[in-house]
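Working notes for the structure below.
Each reported figure results from applying straightforward, stated rules to the coordinates on display, with no laboratory input. Just so you know, these numbers come straight off a predicted model, no measurement behind them. Cβ placement follows ideal geometry from the backbone for every residue including glycine, while neighbour counts extend to all protein chains displayed.
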Amino acid sequence: MSPDFLCKCGHRNKMHTNCEEALKGYNINGRICFEYKNYGDRVKGIEDSWTIETICSCRDFNPDNLATLELLSNVK
């Protein structure tokens, strides 16, 4: 799967641990997302969001096919 494939949490595949790391390090059976919740706001330059550094609460990678198709169709 592409590292740029989006999860339902809105973050890319590459921002999630693998299952082995999540189970070994956190005792979670899934793929933990380790991107900041407000990453999209930071990219857009929304200043207020830069002080919020909360890690995403996603505890498994759930592919978002539609969002990924839209994202990849806009790539030139």
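Descriptive notes on the structure:
- Point-to-point label distance, ASN18-ASN65, nm (Cα→Cβ direction, 7 Å offset): 2.6
- With 0.36 nm allotted per residue and the present C-alpha distance subtracted, the GLU53-TYR26 stretch has 7.7 nm of extension available.
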